[in-house]
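The values are calculated or read from the model by the stated rules, or taken from the named source; none is laboratory data. These numbers come from a predicted model, not from an experiment. Cβ placement follows ideal geometry from the backbone for every residue including glycine, while neighbour counts extend to all protein chains displayed. The protein model used for the area step is the full one, side chains on, heavy atoms only, and it has no ligands, DNA or RNA in it. Shrake-Rupley method; radii C 1.70, N 1.55, O 1.52, S 1.80 Å.
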Amino acid sequence: MVELEDLPSVGEKTAQKLRDAGFADMMRLATATAKELAVKAEIGEGVAEKVIEAARKAESIDFETAYDVMERRRDVGRITVGSEAFNELIGGGIETQSITEVFGEFGSGKSQISHELAVTVQLPRDLGGLDGECVFIDTENTFRPERIEQISDGFELDHEEVLQKIHIARAFNSAHQILMADKINELIQSGSNIKLVIVDSLMAHFRAEYVGRESLATRQQKLNQHLHALQNIANTYNVAVFITNQVQARPDAFFGSPTKAIGGHVLGHASTYRIWLKKGLAGKRIARLVDSPHLPEGECVFKITSDGIVD
């Protein structure tokens, strides 16, 4: 096991700066950019390049075979959504090392699924959980501990234990949202067994703060960096990232859906799985898988009850 102090150009002070900036993990350090490291750890860019180069040698970052990737995929965990049909649609549950996005109009069940996952990630692996903790970044003031208690009752779990394992961050603007996402590294390195990161919703602050065509490029650049930070966390610590997204109207649509997900191509490319939620009749909800690297398009029907998500 290579320690930070073992790397060339890294003394005790530099090592402490790296740890404070969330770069205690060697893989996290090896996959950083020199500019990112220089800014966050407050070290020179030349030193940052040397440190990253040394970390890459220590981690033996090089080409690997498809077989190696397949073997590594065996470590991927899945979190049950509560509905068997929903789990089957997405290949067994919400996947670690990936970003899963759900989008839909208000009342389609996005926040309900977020609350459900915050509980189910704590279940033992044989019951569809990962026996882990959850980070919940709340941008729309939708998190309700009362709802967590109701879902916990459905799984016969202790309320207090469940609530203690959910780490809430109420983000008040996009800069605060990005900061709290960066702090997840520190939380994991301090010993918390984080297995799920929820952002509900991803675009609320970006949509409110960056108005007009002239600010679109800046917004998309910030969003891209934010998504890359979340994907880095997913890859480095084998964590599942679940994000909810808003929609906008399509006044020109005479056929098909009258709404579409916001966030543009940046978000579309960053999400590993994209799920469109729609309201159905008699309180039912429809989930449609619209993008996945290896699963076919399809849809399922589920229902939201006091105990959570069910078939």
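For residues that are open to solvent by less than 10 Å² (accessible area, probe 1.4 Å) and among the polar types (S, T, N, Q), scanning just the stretch 98-122, find the one that is nearest to Ser152 (Cα to Cα).
Residue satisfying both the conditions and the ranking: Thr120.
Mind telling me which of the residues Asp75, Asp25 ends up being open to solvent by 80 Å² or more (accessible area, probe 1.4 Å), touching a residue at least 24 places away in the same chain (Cβ under 8 Å) and closer than 18 Å to Val239 by Cα?
Sole residue among the options that is open to solvent by 80 Å² or more (accessible area, probe 1.4 Å), touching a residue at least 24 places away in the same chain (Cβ under 8 Å) and closer than 18 Å to Val239 by Cα: Asp75.
Return the total of residues in the stretch 269-298 being in contact with a Leu (Cβ under 7 Å, 6 or more places away or on another chain) and either among the acidic types (Asp, Glu) or open to solvent by 80 Å² or more (accessible area, probe 1.4 Å) (or both).
Result for the stretch 269-298: 1.
Within the stretch 1-17, can you find the residues that are within 28 Å of the chain's Cα centre (by Cα), surrounded by 15 or more Cβ atoms within 10 Å (Cβ to Cβ) and closer than 15 Å to Ala30 by Cα?
Answer for the stretch 1-17, where residues must be within 28 Å of the chain's Cα centre (by Cα), surrounded by 15 or more Cβ atoms within 10 Å (Cβ to Cβ) and closer than 15 Å to Ala30 by Cα: Leu4, Ala15.
Quick one: Gly191 ticks every box in (1) touching an Asp or Glu at 6+ places or on another chain (Cβ under 8 Å); (2) on the phi > 0 side of the Ramachandran plot except a single one, so which number is it?
So the condition that Gly191 fails would be (1).
Collect the residues in the stretch 234-259 that are crowded, with 16+ Cβ neighbours inside 10 Å and either among the β-branched types (Val, Ile, Thr) or farther than 23 Å from Lys183 by Cα (or both), keeping them in residue-number order.
Listed by number, the residues that qualify are Thr236, Val239, Val241, Ile243, Thr244, Gln246, Val247, Thr259.
Within the stretch 31-50, how many residues turn out to be under 23 Å from Leu179 (Cβ atoms) and either open to solvent by less than 40 Å² (accessible area, probe 1.4 Å) or charged (D, E, K, R) (or both)?
Final tally of qualifying residues: 12.
Taking the criterion of being surrounded by fewer than 22 Cβ atoms within 10 Å (Cβ to Cβ), part of a helix (DSSP H, G or I), free of Cβ contacts under 8 Å to residues at least 24 places away in the same chain and in the same structural domain as Pro258 (by TED's automatic domain parsing), would at least one residue in the stretch 123-132 satisfy it?
yes
Of all residues being modelled with pLDDT of 95 or more and among the β-branched types (Val, Ile, Thr) in the stretch 185-217, which is surrounded by the fewest Cβ atoms within 10 Å (Cβ to Cβ)? Just the residue, please.
The qualifying residue surrounded by the fewest Cβ atoms within 10 Å (Cβ to Cβ) is Ile194.
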